[in-house]
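The values are calculated or read from the model by the stated rules, or taken from the named source; none is laboratory data. Owing to the predicted nature of the structure, the values given are computational and were not obtained by experimental measurement. Note: ideal-geometry Cβ built from the backbone for every residue, glycine included; neighbour counts use all protein chains shown. We work out accessible area using only protein heavy atoms, side chains counted, and drop any ligands, DNA or RNA first. Shrake-Rupley method; radii C 1.70, N 1.55, O 1.52, S 1.80 Å.
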Amino acid sequence: MKHKILIVEDERDIVNLISNRLDKEKYDLTIALSGDEALHLIKTQEFDLVSLDVMLPKVDGLTICKELRSRNKKTLIIIVSALDLDESKENAYSLGADDYIAKPFLPKLLALKIASLLQRRFEMLKSSMEFE
């Protein structure tokens, strides 16, 4: 079964950097190039993980993070942002982000974090089902 990942990023070069590092055999990728597009997608589909920029056209990433977390507690959220300020990170974590990566970043590191978070989530869900 493929994990469903939503990449929310308005810069196509960064979208390509991220998507080229993710194994297409393991992941089903969806791309949103604006905040309003991302909001529509999270209201109509479920994702295992969302990679989310903060500075987006129309709707900012923190608003999306808050909306996504209120709708779904299981979806993992990784913020990928040029805002490398403690205040931005604190806001993201308080709104429910699972991780925060500052730009510029190593695409390989992001791919490893995605794989690690999804594996841990799978193991936690599996062990919780064993106790039921």
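Springs between Cα atoms under 10 Å define the GNM used for the chain, and in it the highest mean-square fluctuation of Leu49, Leu33, Leu106 occurs at Leu106.
Given the rule -39500 (n - 2.57) for each run of at least 4 DSSP H residues, summed and divided by the residues of the chain, what is its mean residue ellipticity at 222 nm, to the nearest 500 deg cm²/dmol?
Values: 5 runs with 64 residues, N = 132.
Here the helix-only value at 222 nm equals -15500 deg cm²/dmol.
Under a 5 Å amide H cut-off, with hydrogens placed 1.01 Å from N, Val80 pairs with Leu52, Asp53, Val54, Ile101 among residues at least 5 apart or on other chains. Global dimensions of the chain from alpha-carbon coordinates: Rg and Dmax equal 14.1, 45 Å. In region 72-123, the C-alpha radius of gyration followed by the widest Cα-Cα span (Dmax) gives 11.5, 32 angstrom. In whole percent, how big is the carbon plus sulfur part of the accessible area of region 1-115, probe 1.4 Å, protein atoms only? Within region 1-115, the accessible surface is 50 percent carbon and sulfur.
With protein chains left intact and a 1.4 Å probe, residues in region 1-131 average 57 Å² of accessible area per residue.
Restriction of the trypsin sites (Lys or Arg not before Pro) in region 1-69 to DSSP coil positions whose beta-carbon has at most 13 other beta-carbons within 10 angstrom yields Lys2, Lys24, Lys26, Lys58.
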